[in-house]
Structures are given as C-alpha cells and as structure tokens.
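Derivation of every value follows stated rules applied to the coordinates shown; laboratory data play no part. What you see is a predicted model, and the numbers here were worked out from it, not measured in a lab. Neighbour counts are summed over all protein chains in view; Cβ atoms, including those assigned to glycine, are modelled from backbone coordinates with ideal geometry.
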Amino acid sequence: MNATLQAGIPIRIDSGQLPVYRLLCGNPGQMTGPGTNSYLLGRQRMALVDPGPALPEHREAILSALAGRELAWIFVTHTHGDHSPGAAELQRLTGAELIGLPAPAAAHQDDSFVPDRSYQHEERIRCDDFVMQLIHTPGHVSNHFCFLLEEERLLFTGDHVLQGTTPVILPPDGDMADYLDSLEKLRLLDLRALAPGHGTVIDTPEQSISALIRHRLRRESKVLRCMGELGASPIEALCRAVYDDVPEQLLGWAQKTLLAHLIKLEKESRVRQERGLWIPVA
Ligand SMILES: [Zn+2]
C-alpha cells in the first residue's frame, strides 16, 4: 500500500473500491517529515483532504492531478501552516466547499482559512461517490478534525496520528487530556487503515492508536518519576530529564509537549506550580 514518497506525483494509496491518491508536498522538514500529504479522492467530482501550504508548485500538482475533473470539496484537518493555507486560492479557482473548523487564537495558526459554514462532530458530508464523516479530535490543536471515509473505513488523521513519529501537543490551545480522549474516540471506530498528514499509510489502526496511548501514559509516568527524583524544578531541567531520549535540537518542541503533560497533571492535582517551579504533590 505504501509507495515511495515523491513530491508532486499522485500515488494511489488504497486497494479499496474508491480511488484515493496521495500527493506529497515538497515541504520536508523537522516538523513535516517527508512533507505534507494532500489526498485526492473520488471518480468524477473530487474531494481533497488538506491542501497543504500555499506553494504554487503544490497547487499546480493538485490541479493537474484533477485532470479536468471538478474539485467540489476541500476538507481541512486543522489550520497549521503546513495544512490549510493552500485552501483559499484553490477555492477561488474551483469553487469547492471549504470544510473544517476556523483557526483558534493561538500561535502557528492560519487565519486565512475560512470554512463555508460551521461543521459539527459526527456530521456526515455526502459526496457523490462516498460519505465522509467528521470526527472532532482536539488535542494537537483544538480545531482538529479527522475524516472518516465510511465506505472504505479509511481515516484521514491529519496531525492527530502520524506515521513514524508522535505529534507535538501545543498548549494552551493543544491539550493532553483532550488528546488522549480523542485517541480513545478513534478506538470506537471500526477502521481498516489510517492516512496521516505526514508519512505513509498505517495498516494497523488499532495497534497504532493503542501504542500511541501507551506512549503518552509512559511519558506521563516518566514525568512523575523524574519530578520525584528532582523535586521542585524549572521546566527546562525537567525537560532534559524527561526527554533524555530526544535529540538536542528537538528539546524546544519536547518542552511544549511536557508543558501539556504538566497542565494535565496539575488539573488532576498531581503536580503544582510555584514561582516558576514545578512541584510534585505528595
Ligand atoms: Zn499540526
């Protein structure tokens, strides 16, 4: 199911009935891995999941993959700069419906994304050849949707579940407790595969989602263990101890996710904060 990742070339990802193509954007990097995945699906009137950044060459690749067919729906998982800024221009060119949630007031958000109306959790969008169900999955950010292609039981996961890495949780808009709840929500769906915003298709949804939950809970235990050893400490010192398995250049991002863990633990009265120090509650 996973062909080589190459920017600009549509690759059919799915062996199901409905054609689904991945179009990799040429924006590889520390936070985007091989780049952002845009997905094109349908037979005649087409849908796009995550238009990606507003890069002319990526827009051209999407338009040429349409091969003269109409683009009728643009689904946006969330409004980070590597997922949604391409939407406005594509809508102007095609008249497609823009489906997603507006950007929250937070850092790294794309305010240019304006959905056509308000959309709800579990709402089902009837496209010509298929039905797409909207699953609200706050955590990575508050306005995150996953999209369930019902006929294929294929879930487009944006940055909620990634292949080859774990998502950064960006507080205060991102929320660790919400993130874990959103993962539990996905466990209730009968899924065949996951199509992530970065990386290749995941053929083992149940195992991958469970592994992600276990990973977060293990990290949370490590936070508590390190706090027990260090006592009251600033977040920087705690971060070095908790993320001793993470390369130096990623510690800044790790610290944001650590803060998300600490906020969750603070709400549960298991840690507290005093004069810039984080303190375990005995
Ligand atoms: Zn993101």
Hey, got the dipole for the chain? About the Cα centre, +1 on K and R Cβ, -1 on D and E Cβ, debye to the nearest 20?
440 debye
In the chain, taking the dipole from +1 charges on Lys and Arg beta carbons and -1 charges on Asp and Glu beta carbons about the Cα centre, the listed residue (Ile213, Gln17, Leu66) farthest towards the positive end is Ile213
Place +1 on the Cβ of every Lys and Arg and -1 on the Cβ of every Asp and Glu in the chain, take the dipole about the Cα centre, and give the residue among Gly199, Val76, Ala87 whose Cα lies farthest towards its positive end.
Gly199
In Å, descending, principal axis extents of the Cα set of the stretch 71-230
58, 34, 25
Going by alpha carbons, how many degrees (0 to 90, nearest 10) lie between the helix axis of 176-187 and the longest principal axis of the chain?
50 degrees
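In square nanometres, what is the average projected area of the Cα convex hull of the chain?
Over every viewing direction, the Cα hull of the chain projects on average to 14.5 nm².
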Which of His121, His144, His160 fluctuates most in a GNM of the chain (C-alpha springs under 10 Å)? That residue is His121
Placing +1 on each Lys and Arg Cβ and -1 on each Asp and Glu Cβ in the chain, then taking the dipole about the Cα centre, the residue among Thr157, Ala7, Gln273 whose Cα reaches farthest towards the positive end is Gln273
Under 5 Å between amide hydrogens, which residues at least 5 positions from Asn27 or on another chain qualify, with H placed 1.01 Å from N in the peptide plane?
Thr36
quick shape note, the stretch 39-163: Cα extents on principal axes in Å, largest first -> 37, 32, 31
After finding the eigenvalues of the alpha carbon gyration tensor for the stretch 214-280, what semi-axes result from the square roots of 5 times each, listed largest first in whole Å?
17, 13, 11
Any chance you could give the angle, 0 to 90 degrees and rounded to 10, that helix 205-230 forms with the longest Cα principal axis of the chain?
20 degrees
GluC sites (Glu not before Pro) within the stretch 99-208, DSSP loop, no more than 16 other Cβ atoms inside 10 Å
Glu122, Glu123
So, in Å, what gap is there between the alpha-carbon centers of the stretch 56-121 and the stretch 213-263?
35 Å
Among all the lysines, which ones have a C-alpha under 18 Å from Lys264's C-alpha, if same-chain residues fewer than 8 places away are not counted?
Lys222, Lys256
What 222 nm value per residue comes from the helices of the chain, counting each DSSP H run with n ≥ 4 as -39,500 (n - 2.57) and dividing by all residues, nearest 500 deg cm²/dmol?
-9500 deg cm²/dmol
